[in-house]
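Coordinate-derived values only; no laboratory data. Model, not experiment: these values are computed from the prediction. Cβ placement follows ideal geometry from the backbone for every residue including glycine, while neighbour counts extend to all protein chains displayed.
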Amino acid sequence: MRTYGRLIQMPDEASLVEAVRHLRGLGYSRMETFAPWSVEALAPRRAGRGIAPSMLAAGLLGGIGTMALQYLSAHAYPIDAGGRPLASWPAFVPAALEVTILFAVIAGVVAFFAGSRPALYRPEFNVEWFEEASRDGFLLLIHADDPYWNEHRSAHDAQRLHPLRHAEVPA
Amino acid sequence: MSAAAVTDEIAGITLRRHGGRGWWILFAVSLALTVMLAVGIVVLLVRGVGIWGIDMPVAWSFAITNYVWWIGIGMAGTFISAALHLTRQAWRSALSRHAEAMTLCALAVSGLFPVLHLGRPWFAYWIMPYPDKMGLWPQWRSALTWDFFAIGTYVVVSVLYFYVGQLPDLAAVRDRATTRGRQVFYALLALGWRGEAADWRRHATLTRLLAALAVPLVFSVHSMVALDFSEGLLPGWHSTIFPPFFVAGALFSGIAMVILLSLSMRRAYGLDHYITDVHLDKLARLMLAAGCVVTYGYAAEVFTAYYGGDPFETAVIAHRLHGAYAWTFWSTVALNSVAIQALWWPAARRNRLVLVLVSSGVLAGMWLERFMLIVTSLYRDYLPSSWGMFYPTVWDIVFLLGSIGLFGTLFLLFVRWLPVLAIAELRRTEASR
């Protein structure tokens, strides 16, 4: 049976942070942590960085694009309503503003999912107590493709963290 | 209360097999009203908008009143969720989820009316810009086109904000589901959320940015609704105070609905320890503040009309105060301005009966206010030759009651299928106590 990694449950937030620090010190580099809420100390600093720029870019594209579309159609297909100017920009602002927000929000959500790579199935779901992560559990997964991974040594390292429990995750 | 207990309790409400007798009774009533609305829509499509009481000069009435009323009710959800999120008000956690759900349900109802009111609703897509061989483009200067962009954006953004916000909660329900069907259903919705540290940070970044965009969006949408009126030259509509006045009115009625829904959910599911008297107190204060701004709006309208001295403006205000529909103005003032004064007293803000009565009064009052604004400007305009009355038909009533039924049906389905409170946020709040 192939192994995906080893899942470890720590008693609380502080011990999870400490465990990650300890394992990194030993040489592990392919780890993931799961918690019922955001643990600031564990999140990689670059996570979420792409979201704001993509929202800004898409928002500008939406706003400028809608303004351009309105100018284009007002001139290409003129509607003379009471002699008012064809390209009446104050009247073009409402639609442009809404599309700016629309594009920015859609881009943000797309960037979020692109970063978090949604998948309906993950091997760690096979460990029965993985569901503790959405309750009050603080979990740590060492991936088997970690360069420092060794089945026996990793089990031993996990045991030395004094976890609540740990188990092998089958691939 | 521990983080685990919060998760188990709220996920448990979602996963409970039966909604309870009260849920079924309410659902049956709402569904019956929704069926009535569906019949109304079919009749409208076959016979046209003539089935309503509208005619010249009162060409706008119940449908536009319902539209403005429902979209206003929807505002408070996004406001409570987004604006209070940005200002780091932790107490919003107990209210944000059902307030957002209320927004979505209200929007779904609201969006129907401008389309149905078009006269030929099957051509509604003509207000979208799309390349067609007839060379047809929307009239960009038309408030109807602005409405399309405003409502369309508001719907999409509200759905995304609602959905993204509850990804961790859907995962919590998925993890607790026992039947295969439910596991698959919630797994599909949760999209593999695991509570991974990087995901939490991405999630926090996204929700903060979405909230930052949602706040100006709700203000712009309600200002847009107001511009539908103030862009017109009719006395009583052509007013610069309309956008902020409409925003305040929307917040006012929306908070009233949030109070009613919070009280109902608290009672139905025993959520007193989440939705506490403190929450109701804060909501009541917000409602009072919004109500005071709305009252200022009423006073400013009367004042500017007389101060400006425009004879048509003063005539319209005089008709509002003493004309055929004066009862709508005075009921509005009684419900929206006078009744809410009770909320200055802390005891009243914590009394459930008072809150139910005042909030229901505000909802009715805001509907009457929208009706009054629309009809009293239309039934007496510049030319006495074009004066006329509006009398609602049975179909007007069918659409009003049906819209309430549709809202109820959608909200009851939300209560039954999705987590009713923001589990992840409450978990955090409880654990950090």
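Quick notes on this structure:
- Rounded to 10°, Cα long-axis angle of helix B:21-47 versus longest principal axis of chain B: 40 degrees
- log10 of Debye I(q)/I(0), alpha-carbon scatterers only, for the stretch B:80-138 at 0.16 Å⁻¹: -0.68
- Compactness index (Cα Rg / 2.2 N^0.38 Å), chain B: 1.02
- Put in line by how crowded their Cβ is, counting other Cβ atoms within 10 Å and starting with the fewest, B:186, A:148, B:298, B:161 read A:148, B:298, B:186, B:161.
- Total formal charge among the other residues, if their Cβ is under 12 angstrom from that of residue B:236, Lys/Arg +1 and Asp/Glu -1: -2
- Sum of side-chain charges, residue B:28 neighbourhood, beta-carbon under 15 Å (Lys, Arg +1; Asp, Glu -1): +2
- Candidates A:55, A:31, A:67: whichever shows maximal mean-square fluctuation once chain A is modelled as a Gaussian network with Cα springs under 10 Å: A:67
- Cα-based Rg of the protein assembly as shown normalised by 2.2 N^0.38 Å, two decimals: 1.08
- Given R0 = 22 Å, the distance between the Cβ atoms of residue B:352 and residue B:23 translates into a calculated FRET efficiency of 0.65.
- Gained length - residue B:296 relative to residue B:188, 0.36 nm times residue gap less alpha-carbon distance: 34.0 nm
- Mean-position separation - Cα centroids, the stretch B:258-322 and the stretch B:24-53, in angstrom: 29 Å
- Each Cα pair under 8 Å and six or more residues apart adds its separation to the average, and for the stretch A:1-98 the resulting relative contact order is 22 percent.
- Note on residue B:86 and residue A:87: with the Förster distance fixed at 45 Å, the Cβ-Cβ geometry gives a FRET efficiency of about 0.80.
- Peptide-level mean, for A:71-79, of C-beta atoms on other protein chains within 10 Å: 3
- Each label was represented as a point 7 Å from its Cα along the Cα-to-Cβ direction; for residue B:156 and residue A:151 these points are 5.1 nm apart.
- The trypsin sites (Lys or Arg not before Pro) found in the stretch B:326-378 that occupy coil by DSSP, while having at most 15 further C-beta atoms within 10 Å, are B:350.
- Acute angle (nearest 10 degrees) that the helix B:242-269 long axis makes with the longest principal axis of chain B, alpha-carbon atoms: 40 degrees
- Mean Kyte hydropathy of -1.0 or more with a Cα span along the axis of at least 18 Å, helices from DSSP in chain A: A:13-26, A:51-76, A:89-116
- Sequence-separation-based contact order of chain B, relative, with Cα cut under 8 Å and 6+ spacing, percent: 33 percent
- MRE, 222 nm, helices only [DSSP H, n ≥ 4, -39500 (n - 2.57), over the protein assembly as shown, to nearest 500]: -21500 deg cm²/dmol
- Counting Cβ atoms of other protein chains within 10 Å of each Cβ in B:126-133 and taking the mean gives 1.
- D_trans [Stokes-Einstein, Kirkwood Rh over alpha-carbon pairs] for the stretch A:48-171, 37 °C, 0.692 mPa s, µm² s⁻¹: 168 µm²/s
- Rounded tilt (10° steps) of B:311-322 against the dominant C-alpha axis of chain B: 60 degrees
- Packing-based order for B:374-382, B:277-285, using average beta carbon neighbours within 10 Å, highest first: B:374-382, B:277-285
- Charge context of residue A:30, other residues only, Cβ under 14 angstrom, K/R +1, D/E -1: -4
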